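The values are calculated or read from the model by the stated rules, or taken from the named source; none is laboratory data. Because the structure is predicted, anything quoted here is derived from the model rather than measured. Glycine also receives a Cβ, built like all others from the backbone with ideal geometry; neighbour counts cover every protein chain displayed. Side chains are part of the model used for accessible areas, which takes the heavy atoms of the whole protein and leaves out ligands, DNA and RNA. Shrake-Rupley method; radii C 1.70, N 1.55, O 1.52, S 1.80 Å.
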Amino acid sequence: MTRTTVDLWVGIFVTMGVAALVFLALKVGNLGGGQVRNPYELTANFDNIGGLKARAPVKSAGVVVGRISSIHLDKQHYQAVVTLQMDGRYTFPKDTFATINTSGLLGEQYIGLEPGGDPEDLGAGDVIKKTQSAVVLEKLISQFMFSKAEEGAAAK
Amino acid sequence: MPSLVSLRDVCFSYGSRDVLHGVTLDVPRGKLVAIMGGSGCGKTTLMRLIGGQLKPRSGQVTVCGASVPALDREALYALRRRMSMLFQFGALFTDMTVFDNVAFLMREHSDMPEPVIRDLVLMKLHAVGLRGAEALLPSELSGGMARRVALARAIALDPELMMYDEPFAGLDPISLGVIGQLIRRLNNALGASSIVVTHDVQESLQIVDYVYFLSGGKVVAEGTPEEIRASRDPWVHQFVWGETDGPVPFQVPAPSYEEALLGVQRA
Amino acid sequence: MLERTAYAFRLIGAKVVNGVWRVGQLARFFALILLHSGTSFRRLQLTLREVYFSGVLSLIIIMVSGLFVGMVLGLQGFDTLQRYGSEEILGVLVALSLVRELGPVVAGLLFASRAGSAMTAEIGLMKATEQLAAMDMMAVDPVARVVAPRFWGGVISMPILALLFSAMGVLGGYLVGVMLIGIDSGSFWAQMQAAVDFRRDILNGVIKSVVFGVAVSLVAVFEGYDSDATAEGVSRATTRTVVTSSLAILGLDFILTSFMFRG
C-alpha cells in the first residue's frame with residue numbers, strides 16, 4: 001500500500017461523498033429548482049389555521065409561489081399570524097384572497113392565493129387582509145349534524 | 001566514573017503482590033550488564049522502572065543523573081530519546097515494512113531529508129545483516145530476523161543506553177549466537193551502556209561485563225562472569241549449571257502431595 | 001430470600017457503578033484524544049491513511065446495502081401507499097426515511113461492525129504485541145501517533161459513507177418505483193423535491209452521521225486501547241465495540257431526532 005494509492009483512493013472517496021451531497025441537495029432536496037428566489041415577505045392573519053405548518057407551500061393556481069416561514073399567535077386579537085416567504089418573480093394585487101386549503105382529503109395543508117383586481121401590488125412587509133380560515137373537519141361535521149337535527153325537529 | 005543508571009533500594013508491587021523489595025544496582029557507562037534470574041522474578045519490571053513506564057513504591061531510580069519517577073511527561077520523553085529498548089518479541093510495527101520500522105524514529109524525531117534517512121536505514125540494516133530484507137513485512141520474517149530488525153530499529157538514533165528484554169528467548173542456537181555477538185559489537189561501536197535482562201546464562205556470560213542475579217525481588221549475587229562461574233554460592237551454582245533442585249525448589253510451595261491426592265479422593 | 005434480594009440489588013448496583021465508571025473513562029479518553037490531535041492534522045498523511053482503511057474499504061458494503069435498502073423501501077412503500085391511492089409520494093417516503101433516519105443509522109451500524117471492530121482489533125493487537133509500549137518507550141506518544149489519527153479517520157469517513165448510503169438508497173427507490181413499477185419519473189422527483197428540505201432534512205442527517213462517527217470511533221479506539229493484552233481480551237473488546245457503539249447509535253439517534261424533528 002504505497003502513499004500514492006492511498007491518496008488516490010481517499011481522493012476518489014471524498015469526491016464521491018461530495019457528489020452524493022450535491023445529488024441529495026439538488027435532485028432530492030429543494031436546493032435545486034424548488035427554491036424561493038429573491039424572497040420578499042408577506043403576512044396574513046387567520047382566525048384558525050387548522051393543521052397548517054411552517055414550510056408548507058404557498059400556491060397560486062396550483063403553482064408553488066412561496067413558502068410559509070413562520071407561524072405565531074397575535075396576543076391582542078388571538079389570531080394566527082402567518083409569515084409567507086414569496087418568490088420574487090411573482091407579485092400579487094393588494095386585494096388578493098388567501099385561503100387555507102388541503103391537498104386531497106388527508107394531504108398536507110397549504111395556502112392558496114386568489115388574485116383580485118387591484119392595480120397596486122403587495123410589497124414586502126404588506127399584510128394580506130382578505131383571508132379565509134382553514135376548514136376544520138370536526139366543525140363541518142357537527143354543523144352538518146346539527147342542521148340535520150334541526151331539520152328533523154322542524155319537520156315534526 | 002559515575003554510573004549511567006543507578007537503582008537504590010527500589011521497592012515495587014503490582015497491587016498487593018510484591019515484586020521488588022530493595023534492589024540496588026549500577027550500570028557504569030560503556031559497560032554491558034546482565035540481570036539474570038528465574039522467570040517472574042521482576043526482571044522486566046526493573047526495565048520498565050528504568051524506562052519510566054512504572055513508578056517505584058519507594059527508592060531511587062536515576063538515569064543520566066535525573067531521577068526518573070520525578071520527571072514530568074515532557075522531560076521523561078526527552079530522556080527516553082537517549083535510551084532504547086528491545087522488547088521480548090521485537091514489538092515490530094506490523095503494519096509497516098522493515099524499512100519503515102527502522103526509519104520510524106528518524107521520521108518521528110528528526111527533520112532529516114528522506115535520502116539521508118534512506119542511507120541511515122540501510123546502514124543500520126547492514127549492521128544487523130538484513131539489508132536485503134528492507135521491503136518485507138514483519139509477518140514475513142523469522143523470529144531471529146524479526147529480533148535483528150528490532151535491534152536495528154532500537155539503534156536507529158544511536159542511544160546512550162540500550163535495554164534488551166530477553167533478547168535470546170525462543171531463538172535457535174545460531175540466531176542466538178548472532179544476536180549475542182551483535183549486542184556486544186553494538187555496545188562497543190556505539191559506546192553505549194547496555195542492560196541485558198535474560199535467563200540464558202551461558203550465552204550472556206560470554207558477552208557481558210558484569211552480572212546481577214535477581215531472586216525473590218532482591219539482588220542475591222553479583223560479579224564479573226569469571227567470579228560468577230567460580231562462585232561457591234549454592235544459588236548461583238544451581239542457576240549457572242541449570243540443576244533442577246537446590247536452593248530453588250522444583251516444587252512451587254504447596255500442601256503435601258499425599259494430602260492433596262487423598263483430599264481429592266475423599267471429596 | 002432476603003439474602004437473595006440483597007444479592008440481586010448488589011449486582012445491579014455493581015453494574016451501574018461499573019457503567020458510570022466506564023463512561024467517565026471514555027470521556028477522559030475523549031479529552032486525551034482531542035488534546036493529542038495536533039499530530040493528526042499536522043501530518044495529514046497519517047489521518048488520510050486511516051480514512052482509507054475505515055472509509056474506502058467500507059465503500060462496497062455501504063453502497064450495496066444502501067441500494068438494497070432503497071429498493072426494499074420502494075417495494076414496501078408502494079404496497080402501502082397504493083392502498084391510499086398516493087403512489088406518487090413514494091419518492092418522498094423513500095427519500096425522507098433515508099436522509100433523516102436510515103442513511104445515518106444503518107450506515108452507522110454497518111460502519112461500527114465493519115470499520116469500528118477493525119479499529120479495536122488493530123489497536124488491541126498492537127497493545128498485546130507491545131507495539132504501543134515500544135512506541136511509548138521511543139518517546140512517541142501512542143495516543144497521538146496511533147489512536148488520534150484512527151479516531152479522526154473514522155469521524156471523517158462516517159458522514160461521507162452515510163451520504164453515499166442515502167444517495168444509493170434513493171437510486172434504489174427510483175429503480176424499483178420508476179423502472180420496475182412504473183410510477184411517473186417526473187412526479188417521483190418533483191414530489192420528493194417539494195417535501196425534502198435541504199437544511200431540515202439533509203443537513204440534519206449529516207449532523208447525525210457526524211455524531212455517530214464520533215461515537216463509533218471513540219468507542220472503537222477506547223475499547224482497543226483499554227483491552228486486555230491477550231487474544232481473548234482483544235476478541236472481547238471487539239465484540240464490546242460492536243455492541244456498545246450500536247446501542248450508542250440507536251440511543252443518540254432518538255435524542256437527536258427528538259431535538260431536530262419535534263413539531
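Observations on the model:
- Stretched out straight at 0.36 nm per residue, the stretch from C:SER86 to C:ALA194 would grow longer than its current Cα-Cα span by 37.4 nm.
- Helix-only mean residue ellipticity at 222 nm for chain B, each DSSP H run of n ≥ 4 adding -39500 (n - 2.57), per residue, nearest 500: -11500 deg cm²/dmol
- Buried area at the C-A interface (accessible, heavy atoms, 1.4 Å probe, summed, Å²): 2500
- Only Lys, Arg (+1) and Asp, Glu (-1) charged, at Cβ; the protein assembly as shown dipole about Cα centre in debye: 640
- Computed [θ] at 222 nm, helices only, for chain C once each DSSP H run of length n ≥ 4 contributes -39500 (n - 2.57): -25500 deg cm²/dmol
- Look at the stretch C:159-169: the mean tally of other chain Cβ atoms within 10 Å of its residues' Cβ atoms is 5.
- Options C:MET179, B:GLY129, B:GLN53, ranked by Cα towards positive dipole end of the protein assembly as shown, top entry (Cβ charges): B:GLN53
- Integer Hz, Karplus 6.51/-1.76/1.60 couplings in order for the stretch C:204-217, x for Gly and Pro: 4, x, 5, 4, 3, 5, 5, 4, 5, x, 4, 5, 5, 5
- When chain B is treated as a Gaussian network with alpha carbon springs shorter than 10 Å, the biggest mean-square fluctuation among B:ILE174, B:ILE155, B:ILE195 belongs to B:ILE174.
- Between the amide H of A:ILE128 and those of A:THR43, A:ALA44, A:ASN45, distances stay under 5 Å, these residues lying 5 or more places away or on another chain, with hydrogens modeled in the peptide plane.
- Restricting the trypsin sites (Lys or Arg not before Pro) of the stretch B:33-81 to loop positions (DSSP other than H, G, I, E, B) with no more than 15 neighbouring Cβ atoms within 10 Å leaves B:ARG57.
- In Hz, Karplus ³J(HN,Hα) per residue of the stretch B:156-165 (6.51, -1.76, 1.60; θ = phi - 60°; x = Gly, Pro): 4, 10, 6, x, 7, 10, 10, 10, 10, 9
- Residue among B:ALA127, B:ALA230, B:ALA192 with the largest mean-square fluctuation in a Gaussian network model of chain B, springs linking Cα atoms under 10 Å: B:ALA230
- Computed from the C-beta positions of B:ARG17 and B:SER110 and an R0 of 41 Å, the FRET efficiency is 0.50 to the nearest 0.05.
- Using a simple spin-label model with pseudo-atoms 7 Å out from Cα toward Cβ, A:HIS77 and C:THR5 lie 6.5 nm apart.
- Listed residues A:VAL136, A:VAL58, A:VAL127, most fluctuating in chain A (Gaussian network, C-alpha, under 10 Å): A:VAL136
- A simple spin-label model places the labels of A:ARG3 and B:GLN181 3.7 nm from each other, with each point 7 Å out along Cα-to-Cβ.
- When accessible surface is computed with a 1.4 Å probe, chains B and C are found to bury approximately 1800 Å² between them, both chains counted.
- Entry comment: accessible area of the protein assembly as shown is 50 Å² per residue, from protein heavy atoms only and a probe of 1.4 Å.
- Considering helices alone, the calculated mean residue ellipticity of chain A at 222 nm is -9000 deg cm²/dmol, with DSSP H runs of length four and up weighted by -39500 (n - 2.57) and normalised per residue.
- For A:THR96, the residues 5 or more places off, or on other chains, whose built amide H falls under 5 Å of its own are A:GLY116.
- Projecting the Cα positions of C:ALA6, C:LEU161, C:SER86 onto the charge dipole of chain C (unit charges on Cβ atoms of Lys, Arg, Asp and Glu, taken about the Cα centre) puts C:ALA6 furthest along the positive direction.
- The 3J(HN,Hα) values that the Karplus relation (6.51, -1.76, 1.60; θ = phi - 60°) gives for the stretch B:139-149 are, in residue order, 5, 9, 9, 7, x, x, 5, 4, 4, 5, 5 Hz. Gly and Pro appear as x.
- Over 18 Å apart at the Cα level, from the set A:LYS53/A:LYS94; A:LYS59/A:LYS130; A:LYS53/A:LYS130, are A:LYS53/A:LYS94; A:LYS53/A:LYS130.
- Solvent accessible area, Å² - A:HIS77, 1.4 Å probe, full protein context: 120
- Helix A:137-155 axis, angle to chain A major axis (alpha carbon atoms, nearest 10°): 20
- With the whole protein complex present, C:THR257 retains an accessible surface near 40 Å², based on a 1.4 Å probe.
- When only the Cβ of Lys, Arg, Asp and Glu is charged (+1, +1, -1, -1), the dipole of chain B relative to its Cα centre reaches about 440 debye.
- Rough spin-label spacing in nm, given labels placed 7 Å along Cα→Cβ, for A:ASP95 and B:ASP72: 8.2
- Its Cα centre serving as origin, the stretch A:40-142 has a Cβ charge dipole (Lys and Arg +1, Asp and Glu -1) of approximately 280 debye.
- Computed accessible area, C:GLU130, all protein chains, 1.4 angstrom probe, square angstrom: 50
- Ranking by accessible area, most exposed first, for C:PHE68, B:PHE239, C:PHE30, C:PHE259 with a 1.4 Å probe: C:PHE259, C:PHE68, C:PHE30, B:PHE239
- Folded to 0 to 90 degrees: helix C:59-83 orientation relative to chain C principal axis, Cα: 40
- Accessible-area order (highest first, 1.4 angstrom probe) of the listed residues A:LEU24, B:LEU137, C:LEU96: B:LEU137, C:LEU96, A:LEU24
- Using alpha-carbon coordinates, inclination of helix B:114-127 to the longest axis of chain B, degrees: 40
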